[in-house]
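The values are calculated or read from the model by the stated rules, or taken from the named source; none is laboratory data. Please read these numbers as outputs of a predicted model, since none were measured by experiment. Neighbour counts are summed over all protein chains in view; Cβ atoms, including those assigned to glycine, are modelled from backbone coordinates with ideal geometry. SASA here: full protein model, heavy atoms, side chains in, ligands and nucleic acids out. Shrake-Rupley method; radii C 1.70, N 1.55, O 1.52, S 1.80 Å.
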Amino acid sequence: AQSVTQLDSHVSVSEGTPVLLRCNYSSSYSPSLFWYVQHPNKGLQLLLKYTSAATLVKGINGFEAEFKKSETSFHLTKPSAHMSDAAEYFCVVSPPYGGATNKLIFGTGTLLAVQP
Amino acid sequence: DGGITQSPKYLFRKEGQNVTLSCEQNLNHDAMYWYRQDPGQGLRLIYYSQIVNDFQKGDIAEGYSVSREKKESFPLTVTSAQKNPTAFYLCASSNDGHTGTQYFGPGTRLLVL
């Protein structure tokens with residue numbers, strides 16, 4: 001069975017400082033992993049995805065994440081936070097080669113606040 | 001302009017009333033999904049459809065119904081049997097059988113009067 005745990009429900013950073021949002025996963029095989037961002041009352045936007053290629057994945061808006069199999073982690077980072085990064089972030093796991101019936105497993109979300 | 005549209009943005013339901021949420025996509029994706037989002041619970045799958053005229057129950061299908069008569073449309077009906085319908089509803093679509101990447105619409109917020 002697969003699962004995903006977002007270790008922090010809330011993270012607060014100052015503008016211009018680094019962002020670290022933590023995600024651990026559990027999977028009996030090499031999964032696909034995603035980070036989505038959701039601004040208030042909006043849909044989810046795909047930030048980046050890991051699909052068994054390069055372990056360091058670059059996404060939109062300066063975000064990146066590193067797949068670490070030994071630590072079963074997929075943490076999201078950004079070198080310098082911007083006010084527009086304030087949003088909720090979801091770590092998501094999916095089994096590979098599962099076809100369109102892939103049931104995405106969502107973490108409970110991390111709310112990122114950016115202080116001026 | 002390609003994407004997924006959901007309407008309405010806000011919807012109010014009276015006691016005992018069925019309401020239908022619209023989801024349309026022009027991405028030519030085969031698979032479509034409905035999720036419910038409650039605060040602090042992430043997203044939970046209600047129904048999904050891999051192909052026209054076929055759909056399967058997700059984890060929380062009770063009190064909901066769907067249809068898939070056209071590839072681009074996947075409406076969700078919240079029936080009177082759903083006793084706690086207040087939530088944010090998200091529709092998604094996918095054509096990626098390898099990674100399962102899903103793309104989401106803007107959502108509909110359902111409130112009970």
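Observations on the model:
- Once A binds B, the 1.4 Å probe can no longer reach about 2100 Å² of accessible area, counting both sides.
- Candidates B:100, B:16, B:40: whichever shows maximal mean-square fluctuation once chain B is modelled as a Gaussian network with Cα springs under 10 Å: B:40
- Cα coordinate range in chain A, projected on the principal axes (Å, largest first): 43, 30, 22
- Computed over chain A with a Gaussian network model linking Cα atoms closer than 10 Å, the most mobile of A:61, A:24, A:41 is A:41.
- The portion of the accessible surface of chain B made up by carbon and sulfur, rounded to a whole percent, is 48 (1.4 Å probe; DNA, RNA and ligands excluded).
- Residue A:60-residue B:72 pseudo-label distance in nm [points 7 Å out on the Cα-to-Cβ vector]: 2.2
- Within the same chain, lysines fewer than 8 places from residue A:49 are excluded, and of the rest, those with a Cα less than 16 Å from its Cα are A:58, A:68, A:69, A:78, A:103.
- As a ratio to 2.2 N^0.38 Å, the alpha-carbon radius of gyration computed for chain B takes the value 1.00.
- Listed by chain and number, the aspartates and glutamates whose C-alpha is less than 18 Å from the C-alpha of residue B:83, apart from same-chain residues fewer than 8 away, are B:15, B:38, B:59, B:62.
- Sorting A:15, B:62 by solvent-accessible area of protein heavy atoms yields B:62, A:15, largest first, with a 1.4 Å probe.
- Counting only heavy atoms of the protein chains and using a 1.4 Å probe, residue B:36 has close to 10 Å² of accessible surface.
- Note on exposure: A:14, A:94 ranked by accessible area (1.4 Å probe, complete protein assembly) read A:14, A:94, with the most exposed listed first.
- In region A:39-55, the residues whose accessible area drops by at least 50 square angstrom when the other protein chains are added to the isolated chain are A:41, A:44; the probe is 1.4 Å and only protein heavy atoms count.
- Translational diffusion coefficient (Stokes-Einstein; Kirkwood radius from C-alpha pairs) of the protein assembly as shown at 4 °C, 1.567 mPa s, in µm²/s: 71
- In order through region B:14-21: 3J(HN,Hα) via Karplus (6.51 cos²θ - 1.76 cosθ + 1.60), integer Hz, x for Gly, Pro: 8, 3, x, 9, 8, 10, 10, 9
- For residue A:26, the solvent-accessible surface computed with a 1.4 Å probe is close to 50 Å², ligands and nucleic acids excluded.
- Positive dipole terminus of chain A, leading residue within A:29, A:108, A:12 (C-beta point charges): A:29
- The residues of chain B expose, per residue, 47 Å² of accessible area to a 1.4 Å probe.
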